[in-house]
Amino acid sequence: MIVTIVGTGYVGLVTGACLASHGHTVRCVEVSEERLRLIGAGKAPFYEPGLEDLLREGLASGRFSVTADLAPAMKASDVSLIAVGTPAKGEDPDLSYLETAARQIGGELPACAGYHVVVVKSTVVPGTTRNLVCQILESASGLKLGEFGLSMNPEFLREGSAVRDFMEPDRIVIGQADSRSGDIVEALYAGFHCEKLRVGLEEAELTKYASNALLSVLISFSNELASLCEATPGADVETVMQCLYLDRRLSPEGDGARVHPEILSYLRAGIGFGGSCLPKDVNALRVYGKRCGVATPMLDAVVATNTLRPAQVVDMAEAALGGLSEKNIALLGLAFKAGTDDLRSSPALSILQALGSRGARVRAYDPCVGPEAAGKAGLNGFYRESLESALSDADAAVVTTADPAFRDADWARLAAYMRTPVLIDGRNVLRHVRLPETARYYPIGVGQTPWSARVPLDPLLAHRDRPARPSAAEEFAALPGAN
Ligand code: UDX
């Protein structure tokens, strides 16, 4: 098929490159000259493993191209995908990019050679495709729905594994205005082997929000449990979680062994969820509920827990150092998660801000975030290009992403750079790492107090082999400032 894609962000570019590798002819439309040049040279404007290889393959085969001209691209194509951003704007998502894309596509519909289906891939609240997008397409084209097709086809791509997620989808959800539209979108995905669900437009729109809301519920549950463990001397959230995971309803048996589904990776305590999707989508669903007269106390609580979490990690640092004023803190991780350079709604940035407002001098390092991305986000004053320079003379380090570089680092060597080797582990990534004897390690979700990380937690339930744990009173006494 011949496909036009409007929008070359994560969704548009990954979709375009992957569809081209499946044999379709894809033209991505982009107005920015800088992005046109980059993408045309096979470079992705953001970090996404595997994407540049696909782009170069597609460009070389001629199946993928990027252009500033929508009209000729659309004229010959069967399908147009709208993959523009719907960022948060106050309470509501900003639909201006979506409206512009729909207007431009609508304007070209009469010139299309054959029946043409418009597919919304952008995340939009229920009713947007049927009402707003369809109405704009009709008024810009002078055609009626039926003379062109309409579909809503949400994406479920995770940054850092977006190419794999697209190539090996769990499911493909096809919201259709009518079965002719759905048939054409299903044909687009003929080469993908997974369940394809044909649903209504509103169901497709809701599925995307429901999926992200479920993930956010699991994360906030884990973080709330971590806070409860932190207030419970002797409790460790990792142990409680290991016990939970072994419920057969979460880890069923397959071939005589326990299967640990990937969803369990969202039942892990951390510093709160961030990124361009989860925070925005949970909020949009709450606002949608409000507009429909439906209370969403559970989603409200998910957001409240998430908002609290970064400050709780800063509290840990403050307690560990007996105050943050004039303290040098190395923030290890800037992006919203490991494996990406995306700083949007990153909880690490909330931690950076809170540390600064409590008087700390912060320097930050993230193996995935280059100086350019940091500079664009106004982080020049904080940014360091190596672990060593971030840790130099630091009174403490706060780990905010689960980057393998932090886990695999030689902490015996690195600790020597620090003024005091205090490690606050916001992601519990250093739990199984050999740390120098001098290190004071504070994992999240443990009692209220420091407790050695060098406790074997793997294999599951290895707690029987643990060394005797200090009593809460001993731990309290070990806290700086305690007397
Ligand atoms: C998410 C969805 O997973 C994806 O299906 C959707 O299409 C887009 O939004 P992404 O934004 O890439 O993808 O992030 P994801 O990997 O899901 O992580 C979201 C946030 O939750 C990150 O900040 C991550 O660090 C955090 N997280 C995740 C936790 O804090 N704890 C966990 O246990 C899991």
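Numbers at a glance
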item	result
Solvent-accessible ranking of Arg37, Arg363, Arg56, Arg158, largest area first, probe 1.4 Å	Arg37, Arg56, Arg158, Arg363
0 to 90° range, to nearest 10: angle between helix 10-21 axis and the chain longest Cα axis	60 degrees
Helix-derived mean residue ellipticity, 222 nm - over the chain, DSSP H n ≥ 4, -39500 (n - 2.57), to 500	-12000 deg cm²/dmol
Stokes-Einstein translational diffusion, the range 120-239 - Kirkwood Rh over all Cα pairs, 1.567 mPa s, 4 °C, in µm²/s	78 µm²/s
Principal-axis tilt of helix 297-321 within the chain, Cα atoms, nearest 10 degrees	40 degrees
Total lysine pairs whose alpha carbons fall under 22 Å of each other in the range 249-391 (8 or more apart, or interchain)	4
Contour excess over end-to-end distance, with Cα ends at Arg158 and Asp300 and 0.36 nm allotted per residue	48.8 nm
Theoretical FRET efficiency, 1/(1+(r/R0)^6), r = Cβ-Cβ of Tyr245 and Ser179, R0 45 Å, to 0.05	0.60
Distance between modelled label sites at Ala231 and Arg171, nm, 7 Å Cα→Cβ extension	3.7 nm
Sites Cys292 and Thr438 - FRET efficiency at Förster radius 41 Å, r taken between beta-carbons, to 0.05	0.10
Directionally averaged projected area (convex hull, Cα atoms, the range 235-300), nm²	6.7 nm²
Area of Asp408 that stays accessible when all protein chains are in place (1.4 Å probe, Å², to 10)	110 Å²
Euclidean distance of C-alpha centroids, the range 218-285 and the range 367-381, integer Å	30 Å
For the chain, alpha-carbon Rg relative to the globular expectation (2.2 N^0.38 Å, N residues)	1.08
Kirkwood hydrodynamic radius over Cα pairs of the range 26-111, then Stokes diffusion coefficient at 37 °C and 0.692 mPa s, in µm²/s	228 µm²/s
Overall dimensions of the range 34-182 as given by Cα atoms, namely Rg and Dmax in Å	16.1, 44
Beta bridges per DSSP with both ends in the chain, % antiparallel, nearest 5	15 percent
Helix 51-61 vs. the chain, principal-axis angle (Cα, 0 to 90°, nearest 10)	30 degrees
Distance in nm between pseudo-label sites at Ala111 and Lys43 (7 Å out along the Cβ direction from Cα)	3.1 nm
Calculated SAXS-style log₁₀ I(q)/I(0) at q = 0.18, 0.20 Å⁻¹ - the range 1-59, Debye, Cα scatterers	-0.51, -0.64
Residues of type aspartates and glutamates that Lys208 reaches as a straight line, Cα spacing below 14 Å, ignoring anything fewer than 8 places off in the same chain	Glu155, Asp170, Asp281
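The values are calculated or read from the model by the stated rules, or taken from the named source; none is laboratory data. Everything quoted here is computed from the prediction, not taken from an experiment. All Cβ positions, glycine included, derive from the backbone under ideal geometry; neighbour counts span all protein chains shown. What goes into the accessible areas is simple: the full protein's heavy atoms, side chains included, and nothing from ligands, DNA or RNA. Shrake-Rupley method; radii C 1.70, N 1.55, O 1.52, S 1.80 Å.
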